[in-house]
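Here's the structure, in structure tokens; my notes come after.
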């Protein structure tokens, strides 16, 4: 009885949800049928009716010396991006929030938000010039008497170049979200803290951060779905064979194998593998978020 | 609020299930809008009403378009229209043809006629997406084209399945275009007083001196190690082809001990600063850019270096900065052996759904006609030159079929004519046929330093040209033939480039010093387990006899 009444009161919401739901159904669920080609020796003419080969593609994949490392590379790069993608914007948002002049705050806010709008294709061209061994950054290092750093051509440094350049490009967006959360906080709390004689530092650690926590956790959970997306367009535009060891991620591997080398079935097998791992990671992080932060959705 | 959260999380979850699916089954890609038009009896006669044929093209930076010309509007396409009343339409033109075509194949969205490589040919035949050409070839191929088939039966056999022709082999300009050279910048060479290098030590001395004196680096290379594969010839390696090993079986050239020597040398060069410290991040265009900027004066490269980047280089650095090719020397000074592969640039195939395959045959006939028969047929010089100048033959790359003796004969003829002209004698250009275009550009380069002529001059205009060196290799039998004299075997077709990737990556690590040279053996082992052993076995079964 209660349930029925609820539905009656809420049918408008369900209606509004419908287009989004349909889009997800059509573009995300129905194409999953295509996963079948991971178990076939796919040829374009026969399509989905290609000969069935069972797990042969996966066997081939695990025989490739270049496959398993793409998973560790992906996790390494993605998790660091995730972590720094929260730490950096929160820090910057806190700093901007402490500014007295709202004009200056807005100026910085705009400035750091701009790189977010440039595509990685353009950004990669810029970064290649800036980070070349005879580029701007290394010229500065040289004038300080430091040895040049091979940002894009050394497999030790390459993942860090990816992580930091991604954080640099994207932190403006996160900063805005956190700033919005900060402005929404109850000023009465700060006023009473002032009366008690709390310092700025104490106010940040005892009031601001705890109040910001729900937003941080929400942002974290939302980005967990992307934990195996280490950033195809960034890495594809900046990597080269010498950094495959540490920089080749699942998506770039799928692209090279599946599209450039036309091994459609194997490419799909990698994609399926990624999805399965992704699903497990999401489930685990959901449980963790519930246990550790008491945050749950369903 | 709760609904919103659920949707947000649902979206996030679905994003995790990213890019797996690959939609679309092979829907009809036949794009002939106008429908079937009956062809005229005479294969050279025009259609009564205009026939539209679709094609896809490859960008080639060597093509120097004049005026308003482009890939769609040019003398070749105009000739198809004028001669046959055929309207050839580009669906797309890409600088990454193979990848783009793979996407189109996966999509099932293919034009009427297009160029494929051998693994795409196998795939499309298995998929039943391309036409059996037996009938249309028999009826509409020109005698010249049929002659090619007779003279190059082993090549044409690779385009057949169960005795039926599916892919017309495009062949190539001949083995003369397959050799490698060391290209050296002339103004620097003269200033430093160097002669032609006789040993690899000479090459290194030149490279080091250039780097010290002109403040760049010694030898140019790109991230795919394309030039290492050329340099390796100096150490007796034959990367990329299959060779007879000491035990009599066939093995892959890129994993032989000689290759290990070449990689070790390369690593030494990198350590000594002869290679650019960040060459591993440069693609071929970036490498060219660096040469154009005057950072380097020595590069191991193929015969077409004069077409790209030399014209830009001269525009930037002046005509004295021209590079000339030299024979790659060995360590000791004894002559090296070049590599010659089974000579086929790919196949012309016709979409199964194409309604006017005869029109495609007319287009395919036209290139051999212009190449071999145009002069006898009385075509005018202006017409011939309009098709051949400025590297315009590149435009029709997807549909052209080449007589493999073309470039050898052409070199002999053009060089003789240029020599005569340089000696101040009269040259009767009517004798030259289509080669008049090459002759004219060599003359233009020598009289007015026209950069559009420098490519032909460096490729075949004189003794010191690339073909001059190649001809010597060919005439003296100074080359090793690829043991895989035919189509690649199944494993190589499916995963040949994946296998090569493993080697390239491993070599790069050794070269930049991340691993020592013993890692070479480990890489070879990886290559073997990843499918190399199987490929070797197949090659020995098919080609080992």
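Within the stretch B:272-293, being within 14 Å of chain A (Cβ to nearest Cβ) and either in a helix (DSSP H, G or I) or on the phi > 0 side of the Ramachandran plot (or both) holds for B:273, B:279, B:280, B:281, B:284, B:285, B:286, B:287, B:289, B:290. From the list A:133, A:70, A:105, the lone residue that is modelled with pLDDT under 90 and assigned to a helix (DSSP H, G or I) is A:105.
Only a single criterion out of (1) free of Cβ contacts under 8 Å to residues at least 60 places away in the same chain; (2) under 24 Å from the mean Cα position of the chain (by Cα) is not satisfied by residue B:301, namely (1).
When we screen B:363, B:350, B:402 for residues that are assigned to a strand (DSSP E or B), surrounded by 19 or more Cβ atoms within 10 Å (Cβ to Cβ), modelled with pLDDT of 90 or more and at negative phi, the only hit is B:350.
When the residues of the stretch B:294-310 are narrowed to those that are over 26 Å from residue B:513 (Cβ atoms) and crowded, with 20+ Cβ neighbours inside 10 Å, which ends up farthest from the other protein chains (Cβ to nearest Cβ)? Working first, answer last.
Let us first name the residues in the stretch B:294-310 that are over 26 Å from residue B:513 (Cβ atoms), namely B:294, B:302-310.
From the residues that got through so far, the ones that are crowded, with 20+ Cβ neighbours inside 10 Å too are B:303, B:305-307, B:309-310.
Numbers: B:303: 25, B:305: 22, B:306: 27, B:307: 25, B:309: 19, B:310: 24 Å.
The residue in question is B:306.
When you look at residue B:517, is it under 25 Å from residue A:264 (Cβ atoms) and either without any contact (Cβ under 8 Å) to a residue 60 or more places away in the chain or surrounded by fewer than 22 Cβ atoms within 10 Å (Cβ to Cβ) (or both), yes or no? No: the conditions fail for residue B:517.
Taking the listed residues A:162, A:185, the one that is out of contact with any strand residue (DSSP E or B) (no Cβ under 7 Å at 6 or more places or on another chain) and within 22 Å of residue A:134 (Cα to Cα) is A:162, with no other qualifying.
Where in the stretch B:66-148 are there helices (runs of 4 or more DSSP H), lying wholly inside it, with at least 3 residues that are surrounded by fewer than 18 Cβ atoms within 10 Å (Cβ to Cβ)?
Working: elements: B:75-84, B:97-107, B:118-126, B:134-140.
The helices (runs of 4 or more DSSP H) meeting that bar are B:75-84, B:97-107, B:134-140.
Scanning the stretch A:42-64 for residues that are surrounded by fewer than 17 Cβ atoms within 10 Å (Cβ to Cβ), farther than 16 Å from residue A:271 by Cβ and within 11 Å of another protein chain (Cβ to nearest Cβ) yields A:46, A:49, A:51, A:63. Of all residues in the stretch B:149-200, those being touching a strand residue (DSSP E or B) at 6+ places or on another chain (Cβ under 7 Å) and assigned to a strand (DSSP E or B) number 8. Of all residues in the stretch B:88-99, which are out of contact with any helix residue (DSSP H, G or I) (no Cβ under 6 Å at 6 or more places or on another chain) and closer than 16 Å to residue B:355 by Cα? Correct list: B:89 only. Annotation: residue A:35 fulfils all but one of (1) exposed (fewer than 11 other Cβ atoms within 10 Å of the Cβ); (2) in a helix (DSSP H, G or I); (3) touching a residue at least 12 places away in the same chain (Cβ under 8 Å); the unmet one is (1).
Taking the criterion of being out of contact with any strand residue (DSSP E or B) (no Cβ under 9 Å at 6 or more places or on another chain) and within 22 Å of residue B:494 (Cβ to Cβ), would at least one residue in the stretch A:223-243 satisfy it?
Here is the first cut: in the stretch A:223-243, the ones out of contact with any strand residue (DSSP E or B) (no Cβ under 9 Å at 6 or more places or on another chain) are A:223-243.
Filter once more, so that each one left must be within 22 Å of residue B:494 (Cβ to Cβ): A:241.
Checked against the condition, which is being out of contact with any strand residue (DSSP E or B) (no Cβ under 9 Å at 6 or more places or on another chain) and within 22 Å of residue B:494 (Cβ to Cβ), the stretch A:223-243 yields at least one hit.
Looking across the stretch A:193-225 at every residue that is in a loop (DSSP other than H, G, I, E, B) and more than 27 Å from residue A:285 (Cβ to Cβ), the one that is nearest to the chain's Cα centre (by Cα) is identified as A:199.
The helices (runs of 4 or more DSSP H) located wholly in the stretch B:425-532 that include 1 or more residues which are in contact with a helix residue (DSSP H, G or I) (Cβ under 9 Å, 6 or more places away or on another chain) and away from chain A (no Cβ under 14 Å) occupy B:436-448, B:454-460, B:466-475, B:519-527.
Does residue A:84 count as farther than 30 Å from residue B:495 by Cα and under 25 Å from the mean Cα position of the chain (by Cα)? Don't jump to the end; show me each part of the working.
On the way: farther than 30 Å from residue B:495 by Cα: yes; under 25 Å from the mean Cα position of the chain (by Cα): yes.
Considered against the rule, which asks whether it is farther than 30 Å from residue B:495 by Cα and under 25 Å from the mean Cα position of the chain (by Cα), residue A:84 comes out as yes.
Every residue, every condition in (1) facing another protein chain (nearest Cβ under 7 Å); (2) within 30 Å of residue B:282 (Cα to Cα); (3) surrounded by 22 or more Cβ atoms within 10 Å (Cβ to Cβ); (4) touching a helix residue (DSSP H, G or I) at 6+ places or on another chain (Cβ under 6 Å), yes or no:
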| residue | (1), (2), (3), (4) |
| --- | --- |
| A:222 | yes, no, no, yes |
| A:261 | yes, yes, yes, yes |
| A:271 | yes, yes, yes, yes |
| A:276 | no, no, no, no |
| A:283 | no, no, no, no |
| A:286 | no, no, no, no |
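Note on the stretch A:137-147: residues that are away from chain B (no Cβ under 14 Å) and assigned to a helix (DSSP H, G or I) total 2.
The values are calculated or read from the model by the stated rules, or taken from the named source; none is laboratory data. Because the structure is a prediction, the values reported are computed rather than measured. So basically every Cβ, Gly included, is an ideal-geometry build from the backbone, and we count neighbours across all protein chains shown.
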